[in-house]
1. Within the range 1-88, considering only helices (runs of 4 or more DSSP H) that don't extend past its boundaries, which have at least 3 residues that are surrounded by 14 or more Cβ atoms within 10 Å (Cβ to Cβ) and among the aliphatic types (A, V, I, L, M)?
2. Among the residues of the range 365-376, is there at least one that is under 18 Å from E256 (Cβ atoms) and surrounded by fewer than 21 Cβ atoms within 10 Å (Cβ to Cβ)?
3. Being of a type in the set (G, A, S), at pLDDT below 90 and under 20 Å from E406 (Cβ atoms) narrows it down to one residue among A197, A236, A230, A222; which is it?
4. In the range 281-296, which residue that is charged (D, E, K, R) and open to solvent by 10 Å² or more (accessible area, probe 1.4 Å) is modelled with the highest pLDDT?
5. Among the residues of the range 338-359, which ones are part of a strand (DSSP E or B) and open to solvent by less than 20 Å² (accessible area, probe 1.4 Å)?
6. Please work out which one of (1) of a type in the set (S, T, Y); (2) closer than 25 Å to K353 by Cα; (3) under 28 Å from the mean Cα position of the chain (by Cα) is the condition T280 fails and give its number.
7. Counting only residues that are part of a helix (DSSP H, G or I), in contact with a strand residue (DSSP E or B) (Cβ under 7 Å, 6 or more places away or on another chain) and aromatic (F, W, Y), how many does the range 258-283 have?
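The values are calculated or read from the model by the stated rules, or taken from the named source; none is laboratory data. Remember, predicted model here, so these are calculated numbers, not experimental data. For neighbour counting, all protein chains shown are included, and Cβ atoms are generated from backbone atoms with ideal geometry for every residue, glycine included. The area values use the complete protein model at the heavy-atom level, side chains included, leaving out ligands, DNA and RNA. Shrake-Rupley method; radii C 1.70, N 1.55, O 1.52, S 1.80 Å.
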Amino acid sequence: MRLSDLLMPTLREVPAEAETASHRLMLRAGLIRKLAAGVYSYLPLGLRSLKKVENIVREEMDRAGALELLMSALLPAEAYRASGRWDVFGPSMFKFKDRGGRDFCLGPTHEELFTQAVADNVHSYKEYPKILYQIQTKYRDEARPRFGIVRSREFVMKDAYSFDLDDKGLDISYKKMYEAYCRIFDRLGLDYTVVDADSGAMGGSGSQEFMVKSPVGEDGIAYCEKCGYAANYEKAECVVMPRKFDEGSFDIEKIETPDVHTIDELVEFFGAKPYMFAKTIIYTADGKTVAAMVRGDREINEIKLKNVIGASDDLELAPPSVVREVTNAEVGFAGPVGLKIDVYADSEVAEMKNFIIGANETGYHYKNANINKDFTPKAVVDIRTVAEGDDCPRCGGKIKTAQGIEVGHIFKLGTKYSKALDLNYLDENGERKTVIMGCYGIGVTRCLAAAIEQYHDDNGIIWPVSIAPYQAIVIPVNAAQEEQYKTAERIYEELKKRGIETLFDDRDERAGVKFKDADLIGIPVRIVVGKRCGDGIVEYKLRTEDKPEEKTVENAVKDAEEYIKSAVRG
């Protein structure tokens, strides 16, 4: 492709709206353009890279024995109502009525529709197992779309679903998809970590996420370098960390604490360590009000708490009016003693002695509180967020934490959807049984952003060769100089002949502009034709390296071909 023919609207200025490297560079390199909050168009360079991700995903899914199909994105409500998710998705689902008044949505995910398709078309045990997948646009009305295509309202996703006769079959399908995902992310050039995860609204038992470590990731990862344990914050098990408390159990005592609300203020007031406090937070979920307790230096993990409670809707911090109603105090003075609502205490609270809590009276706290003496929680359970330096739940080593971008997620769904939608089969004895399902998703568009987050510098994108929009670029320093232009064109044609996707910068621009654009859009190999072309010498530079080197024309072409084909093969 000649750059004079290409639509490549690069930007010199950093867009004010862009907060992350991937968002800034995708806009600056002319890969995408914003239509509305969380909605983007893909321009030619962006679309080429997106299609390459799709093709790698498709090749590995086919290799694993999955069958591709394509579902509608415009979906009737009935299947989602049957599974109970029409209400669970809440405002994140784009819902509307057709002219006949029938409820529809734009598909946020397709478990129900795939289940229905198999229920309608597969009946005998002899026709199983099946793994079906599609690569399609999904729609979710994100409350806070951000970071460009990392969290958008319209995105391309590969979703696959396995259908097996029993749990043993599901294990086999799950392993196939796990291995396919590893091959996909290896070929995409991503540095990823597989972590245990929460199944969330998708339901099911086993669940793992494929995470790309990035400081702008919205998900927390806890991992142990000693044994390889890894989980996201929602799933990471927390070991009770021992702390020295006063021996014995003292009598509870009410202390006046005027204008003291936060843990920092309480630490200063009492002259105690943060771990000597237990904070009580009031939540609402499913129309019910509950209290959760963690040590003063810990944070409540709302996903864990939601799962313990069995709430179908998201937890929300109770508004001040509700806090006043259940505690008879202003916010900041809640405690477990005398509460008429369910109290869930973190496991560490059960190990504490003579700790400080709110007294459910404005301006007062209790000291010397003890569990099962002064109050009895409904349950003692792990509901806190893991922290750097915690003990590993597997080997006792020290936990490290990082932020990550989720690019893939695999679930063992079990019978959640097959039961709801009557997906059954007749076994060899004519007995009706329920199909066992798995679900496997990859954020195709998000993979592009994750790659850029991992691979960029001050000059622009550094694409992995496998998903670069073009693999090489040939630049004549002075396009008006006939010998330079013809040599560059000859190299361009030779690379194309060898199957290398090549750009030819034939524009009438200064050399510096051409170099900046090549770096910005991240082309892996750059061949520059300058004054020494008469001697058969050109400059050869990889995007991953700082300095170019001189090569003969023949060696530059040969080395480019070898480097690119080797990188694509992996």
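1. Filter on the range 1-88 gives 21-28, 44-63.
2. Yes: one or more hits.
3. Values: A236 fails: at pLDDT below 90; A230 fails: at pLDDT below 90; A222 fails: at pLDDT below 90.
Only one candidate qualifies: A197.
4. Here is the first cut: in the range 281-296, the residues charged (D, E, K, R) are 286, 288, 295.
Checking the rest, the ones that are also open to solvent by 10 Å² or more (accessible area, probe 1.4 Å) come to 286, 288.
Numbers: D286: 85, K288: 92.
Among those residues, the one meeting the criterion is K288.
5. From the range 338-359, those part of a strand (DSSP E or B) are 342-346, 355-358; that's our starting set.
Result: V343, Y344, A345, D346, F355, I356, I357, G358.
6. (3)
7. The total comes to 2.
To keep it simple, each residue is scored yes or no on (1) of a type in the set (S, T, N, Q); (2) under 27 Å from I371 (Cβ atoms); (3) open to solvent by 30 Å² or more (accessible area, probe 1.4 Å).
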site: L165; (1), (2), (3): no, no, yes
site: G206; (1), (2), (3): no, no, no
site: A230; (1), (2), (3): no, no, no
site: E265; (1), (2), (3): no, yes, yes
